[in-house]
1. Testing Ile273 on (1) under 17 Å from the mean Cα position of the chain (by Cα); (2) open to solvent by 30 Å² or more (accessible area, probe 1.4 Å), one condition comes back false. Which one is that?
2. Scan segment 211-224 and report the pairs whose first residue is among the acidic types (Asp, Glu) and whose second residue is at pLDDT 85 or above, with Cβ atoms within less than 8 Å and a gap of 6+ or a chain change.
3. Is there any pair linking a residue in segment 6-27 that is polar (S, T, N, Q) to one that is in a strand (DSSP E or B), with Cβ under 8 Å and at least six apart or on different chains, and which?
4. Do you know which of the residues in segment 203-218 that are open to solvent by less than 20 Å² (accessible area, probe 1.4 Å) and assigned to a loop (DSSP other than H, G, I, E, B) is modelled with the highest pLDDT?
5. Any idea which of Pro58, Pro62 is in contact with a Ser or Thr (Cβ under 9 Å, 6 or more places away or on another chain) and open to solvent by 20 Å² or more (accessible area, probe 1.4 Å)?
6. Taking the condition of a type outside the set (Ser, Thr, Tyr) and either without any contact (Cβ under 8 Å) to a residue 12 or more places away in the chain or part of a helix (DSSP H, G or I) (or both), does Leu83 pass?
7. Of everything in segment 113-167 that's in contact with a helix residue (DSSP H, G or I) (Cβ under 9 Å, 6 or more places away or on another chain) and of a type in the set (Asp, Glu), which residue is surrounded by the fewest Cβ atoms within 10 Å (Cβ to Cβ)?
8. In segment 69-112, how many residues are crowded, with 17+ Cβ neighbours inside 10 Å, at pLDDT 95 or above and within 19 Å of Leu202 (Cβ to Cβ)?
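The values are calculated or read from the model by the stated rules, or taken from the named source; none is laboratory data. Computed from a prediction, not measured in an experiment: that's the story for all the values here. In this analysis, Cβ positions are derived from the backbone assuming ideal geometry, glycine residues included, and neighbour counts consider all displayed protein chains. Ligands, DNA and RNA are stripped out before the accessible areas are found, and what is left, the full protein with its side chains, is counted by its heavy atoms. Shrake-Rupley method; radii C 1.70, N 1.55, O 1.52, S 1.80 Å.
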Amino acid sequence: MATRTDLDGRPIKPMTICMIGAGGFIGSHLCEKLMSETPHKVLALDVYNDKIKHLLEPDSLPWAGRIQFHRLNIKHDSRLEGLIKMADLVINLAAICTPADYNTRPLDTIYSNFIDALPVVKYCSENNKRLIHFSTCEVYGKTIGSFLPKDSPLRQDPAYYVLKEDTSPCIFGSIEKQRWSYACAKQLIERLIYAEGAENGLEFTIVRPFNWIGPRMDFIPGIDGPSEGVPRVLACFSNNLLRREPLKLVDGGESQRTFIYIKDAIEAVLLMIENPDRANGHIFNVGNPNNEVTVRQLAEMMTKVYAKVSGETVLESPTVDVSSKEFYGEGYDDSDKRIPDMTIINKQLGRLEPQDIPLGLARIYPNLPTQD
């Protein structure tokens, strides 16, 4: 493997990375990238390894010996600090991050995203280990624009809805809207990491993903996951399409989102890993502001792409409207728009060039399990 260089032309030294949550959607893609394109070693920590099994077996793989799986739950495992001490860099991906859980399992959500992350931050700070912590675009909550009258021309002004790491406020709903338990826990751990940096010199980077999509992202109920439970929007829609059911649009599907294909997003993460001088102390939005759609538009797009890939005809009524209370239960709330400002990451790490959504969707569908 040729010597890799960072953005400033300096050779990149091989490092040992302790990746917490390596067996999840993002972790599995990041492990693939690190194994196939870099000389770095990965200590992969997670409760499950199904999504990275192809990287661990057989022993004849070209990267054998560079990735070790450690089955552990960071809640209560005394091995955690020792594994962090063995690494040059810690990446924390562990989280409960499914919207259906935020208001039905608020305690688990808060513990997973704040309490369980505390020892990770503490061990990194005490042992002078660099930390890349994965947060969420949910920390922004609602946009300022959502509080303006519906007919206000200011709603069209980007200043009221484009989300900036260093200036946008974090606006959550009332306490009884438990959907914000996730965002609030994520925001508090961000503040703690930032404080550790300011007071104790912790080297950190915080990543705020904006709707990363791709293979292995989520489960299709009863096919490659439990039959109970509500996955995220792409898996929900995929599930409906596979079962030839109308796609359920929560509160009319008017919420707007931007989507980015996982492999495009992982390119940005690798730059953070290998350019610490440019990444340390920064919070980075990672998304594609040009890929904005309403959830209703996403449903229409997915229906077309699926029909093309599967050869099946589109249902006469491809969508159905449901209330958020009916779909998610009591205590649900939502943000209206999530458009990332990419100024900081483009300045520090170079301009990202993500693909458009239909291409991202087409690359996901061949990986979907079928009911056969």
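1. Going through the list (1) under 17 Å from the mean Cα position of the chain (by Cα); (2) open to solvent by 30 Å² or more (accessible area, probe 1.4 Å), Ile273 breaks only (2).
2. Sorted first by the residue in segment 211-224, then by its partner, the pairs are Asp218/Phe25.
3. So the pair list comes out as Thr16/Lys41; Thr16/Val42; Thr16/Leu43; Thr16/Leu89.
4. Phe210
5. Values: Pro58 fails: in contact with a Ser or Thr (Cβ under 9 Å, 6 or more places away or on another chain).
Among Pro58, Pro62, only Pro62 is in contact with a Ser or Thr (Cβ under 9 Å, 6 or more places away or on another chain) and open to solvent by 20 Å² or more (accessible area, probe 1.4 Å).
6. Values: of a type outside the set (Ser, Thr, Tyr): yes; either without any contact (Cβ under 8 Å) to a residue 12 or more places away in the chain or part of a helix (DSSP H, G or I) (or both): yes.
Yes: the conditions hold for Leu83.
7. Among residues in segment 113-167 that are in contact with a helix residue (DSSP H, G or I) (Cβ under 9 Å, 6 or more places away or on another chain) and of a type in the set (Asp, Glu), the one surrounded by the fewest Cβ atoms within 10 Å (Cβ to Cβ) is Asp166.
8. The number of residues fulfilling the criteria is 9.
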